[in-house]
1. Of the residues in segment 48-80, how many are of a type outside the set (Asp, Glu), open to solvent by 80 Å² or more (accessible area, probe 1.4 Å), assigned to a helix (DSSP H, G or I) and under 26 Å from Glu225 (Cβ atoms)?
2. Which ones in segment 186-201 are open to solvent by less than 40 Å² (accessible area, probe 1.4 Å), more than 18 Å from the chain's Cα centre (by Cα) and under 14 Å from Gln174 (Cβ atoms)?
3. Of the residues Leu3, Leu30, which is part of a helix (DSSP H, G or I) and in contact with a Lys or Arg (Cβ under 7 Å, 6 or more places away or on another chain)?
4. Would you confirm, using the coordinates I've provided, whether Tyr111 is in a helix (DSSP H, G or I) and closer than 22 Å to Pro25 by Cβ?
5. In segment 15-26, is there at least one residue being open to solvent by 40 Å² or more (accessible area, probe 1.4 Å) and among the hydrophobic types (A, V, I, L, M, F, W, C)?
6. Can you tell me which residue is farthest from Ser220 (Cα to Cα) among those in segment 30-47 that are surrounded by 20 or more Cβ atoms within 10 Å (Cβ to Cβ) and among the small types (Gly, Ala, Ser)?
7. Quick one: in segment 6-26, which of the residues that are touching a residue at least 60 places away in the same chain (Cβ under 8 Å) and in a loop (DSSP other than H, G, I, E, B) is farthest from the chain's Cα centre (by Cα)?
Amino acid sequence: LMLFLILYVVFVKFLKIGGGIPHYPVYLLLGIVIWNFFNEMTVQSLGSIVGRGDLIRKIRIPRWIIVLSSSISALINLFLNLLVVVLFLFINNVDLLKTTLWLPLILLEVYILALGLSLFLAAAFVKYRDIGYIWEVILQAGFYLTPILYPLSLITNETFQKLIMLNPMAQAIQDARYAAVTHQTRTIYQVFAGGWFKFIPFIIVLMVFLGGLRYFRKQSKYFAENI
C-alpha cells in the first residue's frame, strides 16, 4: 500500500498520467500487485536450493519441491494483496464485471511463467552466483518496460505497443485489468486486431516453463556437490 501510494502520488497527481482511464487507482494497484507477485516468487526461489543445501545433502527428496514450496509464500501474499484490491474496487465503485471470472486463469498464467523462471534461476544460481545480480537488473528493467505505471495507450507508436504486448507479463496485467477493472484497457487482442500473434505470449509461457523444468532436472543431480 505504501508503494502504491508513492507511485500514485508521483505518476497520477504530479505527472497527470492515467487521467483518461476509469478507476485508475485500482487499475494501477492491480498491476503493481501482479508484478510484485511475479517479482517475489522468482527472487525467493532463486536462492532456495542453495539456502537448503544441508537438507539436500542429508535427505533424498525431489528437488523441485523446494522451489515449489518457495512459491507458496508468494501465493499467500498474492491472496492477501488481492483482498486489498477487492477493497479498492468497492471504494472506487467499480462495477462487478462478468469477465472477472477470467482473473484466476490469468493469475495461473503468471504463476506458470514465474515457476518456469524460478526453476531455471534456482538451478543456475547453484553454479553461477552472479545471476542474482543480473536478475535484479532484469526485474528493474522489466518493471518500467511493462505498462504498470502508465497505460499502454500512452505509447503512440503501434510497433512499440506490439513489442511490449509480446511480453507475457504485459499481456497478463493488461488482460487482468480488462477483466476486473475496466474494458477501456487495451489488450493484446486489440493491439494485434485479432490475428495469431495474440497467442505468442502464451507460447512463451509454455516454452519458459518446459525449458526451466528441463534445465532444473538436468542440473539437480549435481546440486549436492556444487552447493
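The values are calculated or read from the model by the stated rules, or taken from the named source; none is laboratory data. These numbers were taken from a predicted model, which means no experiment stands behind them. For neighbour counting, all protein chains shown are included, and Cβ atoms are generated from backbone atoms with ideal geometry for every residue, glycine included. Accessible surface areas use protein heavy atoms only, side chains included; no ligands, DNA or RNA. Shrake-Rupley method; radii C 1.70, N 1.55, O 1.52, S 1.80 Å.
1. So the count comes out to 3.
2. Val191, Phe192
3. After ruling out the rest, the residue left standing is Leu30.
4. Against the criterion (in a helix (DSSP H, G or I) and closer than 22 Å to Pro25 by Cβ), Tyr111 does not qualify.
5. yes
6. Ranking the candidates gives Gly31 first.
7. Here the answer is Gly20.
Conditions tested, residue by residue: (1) open to solvent by 40 Å² or more (accessible area, probe 1.4 Å); (2) at pLDDT 95 or above; (3) not aliphatic (A, V, I, L, M).
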position	(1), (2), (3)
Glu158	yes, no, yes
Met207	yes, yes, no
Phe216	no, no, yes
Gln219	no, no, yes
